[in-house]
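Only one structure is covered here, and it is reproduced in the block below.
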Amino acid sequence: MNNSITNQKALHDKTIAEILAGLNAGEFTSVEITQHFLDRIKQLDGTYNSYITVNEASALAQAEAADKRRAEGDVPALCGVPIAHKDIFCTNGVRTSCGSKMLDNFVPPYDATVVENFANAGAVVLGKTNMDQFAMGSSNETSFYGPVKNPWDTNTVPGGSSGGSAAAVAAHLTPGATATDTGGSIRQPAALCGITGLKPTYGRVSRWGMIAFASSLDQGGPMARTAEDCALMLNVMASFDPKDSTSIDREVPNYTANLNQPLAGLKVGIPREYFKEGLNPGTEQAVRDALTELEKQGATLISISLPHTKLAVPAYYVIAPAEASANLSRFDGVRYGHRCDDPKDLRDMYMRTRAEGFGDEVKRRILVGAYCLSAGYYDAYYRKAQQVRRLIKQDFVDAFEQVDVIMGPTSPSPAFEFGAKGDDPVAMYLEDIYTIATNLAGLPGMSVPCGLVDDKPVGLQIIGNYFDESRMLNVAHQFQQATHWHQQTPVGIASEAKDTEGAE
Amino acid sequence: MTIERADIEKLAELARIELNEATIAETTQSIADVLALVDQLQAADTEGVEPMAHPTDAVQRLRADEVTETNHREEFQAIAPATEAGLYLVPKVID
């Protein structure tokens with residue numbers, strides 16, 4: 001066998017940084033790598049179900065345009081790099097289902113700002129990834145298009161709601177994907193699929209054209225195999241957007257600029273509340289080993305307390321359903337999306353359209369939200385939850401007086417089997433016990449692979465102060481320079497180059 | 001706080017979602033479980049705490065009162081379930 005060939009990484013094993021280097025050096029074209037991913041999706045995604053829609057024709061046209069731009073010397077940040085969008089981001093002329101029957105036939109006449117940002121950066125969109133219906137779920141089991149399989153073990157869930165994006169990255173069916181996080185929907189699937197994911201500060205990434213679940217919590221962010229790739233994606237994804245009334249008018253830094261800063265002197269807060277009962281011992285060990293590695297690099301670990309941690313899940317399950325019940329009232333069968341057959345009057349049309357278009361979990365959350373907002377209960381539930389939300393935020397504000405970043409597990413245990421949480425919504429909700437508080441506070445959070453338990457990946461969560469994504473990416477990158485967890489791939493996914501290295 | 005079938009029926013009416021007769025009992029139970037979870041909030045001391053509506057306490061931006069959007073009626077109506085003469089069609093509301 002010829003070493004010069006076998007030692008080369010297959011195109012699908014390359015990171016975004018490596019793809020950019022390869023495109024710049026003329027080793028391959030965007031059309032070649034795009035075609036390679038499209039072929040690979042066709043060949044493998046029957047197993048994982050990570051894509052809802054694959055854009056073969058438009059991806060190749062975008063790749064061709066990117067190659068042309070490059071040849072003319074016009075090379076924007078992600079020129080010719082293939083990516084995928086979570087099917088929650090509206091794409092002009094491409095069906096945007098939000099994982100639901102309600103929007104199974106919805107073809108938006110416009111692009112989300114995030115989609116526009118990637119298009120302006122020259123990225124090529126391979127397709128739209130699978131997700132829990134309306135982003136409500138932690139296992140991808142609520143998708144109208146069937147569950148996504150975790151590439152590490154196809155009997156287990158990929159996490160959710162961005163499970164399609166996470167699985168597609170883990171199975172090397174795209175080098176990077178967009179995702180959204182309302183209570184952990186980027187970080188938990190990133191942890192369960194062994195990839196890197198970042199939920200930015202609330203307001204950093206535009207929500208315009210991103211189908212709303214809980215508007216005061218929703219935030220888009222990148223998923224990729226390395227922190228460096230997440231930085232490259234966030235450079236493009238983050239922007240001030242006048243069309244999103246909650247977008248923050250603040251300069252977007254170059255997120256790759258600080259990646260190589262040494263960690264000496266970094267103060268890492270370790271919340272005692274994140275290492276209590278309910279945490280899988282293997283997960284705990286992997287996280288503690290990661291913290292030891294950071295200590296080796298000169299970081300100082302400081303035990304801290306986030307005293308209102310226990311109240312985060314209860315507060316979230318008032319606020320998120322309340323906002324969802326308001327947001328999802330727009331799906332009424334009048335202007336777009338599903339409409340029931342032969343409605344006998346307007347009321348019948350609303351009632352049956354929504355009964356047919358929404359799945360059980362979506363309906364449950366709408367009803368819980370309607371309850372929390374209904375006359376007589378508003379003060380006891382919604383107002384109370386918003387007060388608790390401030391207490392939770394204050395815990396973090398106090399902690400960041402003495403530490404630079406906060407770390408702990410991303411999720412309580414590795415990927416679980418399909419059906420394991422059965423019909424018990426509360427058991428599923430506790431999956432996000434370590435991630436929800438950062439959404440309530442509006443803080444940025446990240447998950448980075450830090451170990452394997454029973455051959456399943458574990459995520460280290462890095463929580464940063466407001467708009468401190470640059471530092472979090474620096475910490476994650478330095479961790480990845482010293483460890484190999486982010487390079488671990490599920491059996492059968494990695495290129496064979498490594499196995500045959502040195503043979504013959 | 002107990003929740004009963006009649007409460008769920010009222011909520012479903014408010015939310016305009018037809019309930020499935022076969023699963024009402026199950027729905028009622030699962031919503032009761034979620035409400036039991038959120039009832040943990042009642043133990044929190046929130047005396048004098050200002051409710052938090054926005055993570056960074058930002059307020060809505062205002063813009064100049066100028067026309068910035070162009071008309072997209074044709075594109076929007078092209079994806080509607082039923083339209084006629086530029087109008088959205090729904091079942092008859094008034095006899």
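Taken together, the values in this text are just the output of simple stated rules run on the coordinates, not laboratory data. Just so you know, these numbers come straight off a predicted model, no measurement behind them. Cβ: placed from backbone, ideal geometry, glycine included. Neighbour counts: every protein chain shown.
Annotation for B:HIS54 and A:GLU27: the two label points, set 7 Å from Cα along the Cα-Cβ direction, are 4.6 nm apart.
Counting only other chain Cβ atoms within 10 Å of each residue's Cβ, the peptide B:74-80 averages 4.
How long is the gain from A:ASP455 to A:LEU346 if the chain were fully straight, where each residue apart is worth 0.36 nm and the alpha carbon distance is subtracted?
Taking A:ASP455 through A:LEU346 to full extension adds about 33.9 nm, to one decimal.
The mean number of Cβ atoms from other chains found within 10 Å of a Cβ in peptide A:379-388 is 5, as a whole number.
Within 10 Å of each Cβ in A:316-323, how many Cβ atoms from other chains are there, averaged over the peptide? All intermediate terms of the calculation are to be shown ahead of the outcome.
Numbers: counts 2, 6, 5, 3, 0, 2, 0, 0.
For peptide A:316-323, the averaged partner shielding equals 2.
To the nearest ten degrees, helix B:24-38 and the longest principal axis of the Cα atoms of chain B are 70 degrees apart.
Straight Cα distances below 26 angstrom link A:LYS344 to the lysines A:LYS101, A:LYS363, B:LYS10, B:LYS92, with same-chain residues fewer than 8 positions distant left out. Projected onto its three principal axes, the C-alpha set of the protein assembly as shown covers 81, 58, 51 Å, listed from the longest axis down.
Net charge dipole, chain A: roughly 1200 debye, given to the nearest 20, about the Cα centre with Cβ charges of +1 for Lys and Arg and -1 for Asp and Glu.
Taking a ≥ b ≥ c as the square roots of the eigenvalues of the Cα gyration tensor of chain B, is the shape rounded (a/c under 1.5), prolate (a/b larger than b/c) or oblate?
Here chain B falls in the oblate category.
Where the alpha-carbon atoms of the range A:289-372 are placed on the principal axes, they occupy 69, 25, 19 Å, in descending order. Packing, taken as the mean count of other beta carbons within 10 Å per residue, orders the peptides A:469-476, B:81-88 from highest to lowest as A:469-476, B:81-88.
Rounded, prolate or oblate: which fits the range A:130-186 when a ≥ b ≥ c are the square roots of the eigenvalues of the alpha-carbon gyration tensor, with rounded for a/c under 1.5 and prolate only if a/b beats b/c?
Cα axes put the range A:130-186 in the oblate bin.
Please list, by residue number, everything in the range A:76-95 whose backbone N is under 18 Å from a paramagnetic label point 7 Å out along Cα→Cβ of A:ALA57. Counting backbone N atoms under 18 Å from the label point, the list is A:91-95.
A helix-only calculation puts the protein assembly as shown at -11000 deg cm²/dmol for mean residue ellipticity at 222 nm, using -39500 (n - 2.57) for each DSSP H run of at least four residues, averaged over all residues. When you filter the trypsin sites (Lys or Arg not before Pro) in the range B:46-95 for DSSP loop state and at most 10 other Cβ atoms inside 10 Å of their Cβ, you are left with B:ARG63, B:LYS92. Label-to-label distance for A:ASP424 and A:GLU401 is 3.9 nm, based on points extended 7 Å past Cα in the beta-carbon direction.
With the Cα gyration tensor of the range A:1-143 giving a ≥ b ≥ c as the square roots of its eigenvalues, does the rule (a/c under 1.5 for rounded; else a/b larger than b/c for prolate; else oblate) give rounded, prolate or oblate? Present the calculation step by step, with values, prior to reporting the outcome.
Working: a/c = 2.48, a/b = 1.47, b/c = 1.69.
Cα axes put the range A:1-143 in the oblate bin.
Among beta bridges from DSSP that stay inside chain A, the antiparallel ones total about 75%.
Annotation for the range B:54-95 versus the range A:87-156: alpha-carbon center distance of 23 Å. Sites listed here are chymotrypsin sites (Phe, Trp or Tyr not before Pro) in the range A:219-275 whose DSSP assignment is loop and whose Cβ has at most 16 other Cβ atoms within 10 Å: A:PHE240. Taken over the range A:224-373, the convex hull of the Cα atoms encloses 214 Å³ per residue. What's the angle, to the nearest 10 degrees (0 to 90), between helix B:5-14's Cα axis and the longest principal axis of chain B? Approximately 20 degrees, to the nearest ten.
Under 18 Å of direct C-alpha separation, and excluding same-chain neighbours fewer than eight residues apart, A:LYS296 reaches these aspartates and glutamates: A:ASP404. Placing pseudo-labels 7 Å out from each Cα toward the beta carbon at A:SER305 and A:PHE275 gives an inter-label distance of 1.6 nm. Across chain A, the mean sequence separation of Cα contacts (distance under 8 Å, 6 or more residues apart), normalised by length, yields a relative contact order of 19 percent. With kT/(6 pi eta Rh) evaluated at 25 °C and eta = 0.890 mPa s, and Rh the Kirkwood radius from Cα pairs, the range A:322-458 diffuses with a coefficient of 132 µm²/s according to Stokes-Einstein. The calculated Kirkwood hydrodynamic radius for the range A:67-210 is 15.2 Å, given to one decimal from all distinct C-alpha pairs.
A DSSP coil position with no more than 16 other Cβ atoms inside 10 Å describes the following chymotrypsin sites (Phe, Trp or Tyr not before Pro) in the range A:405-504: A:PHE418.
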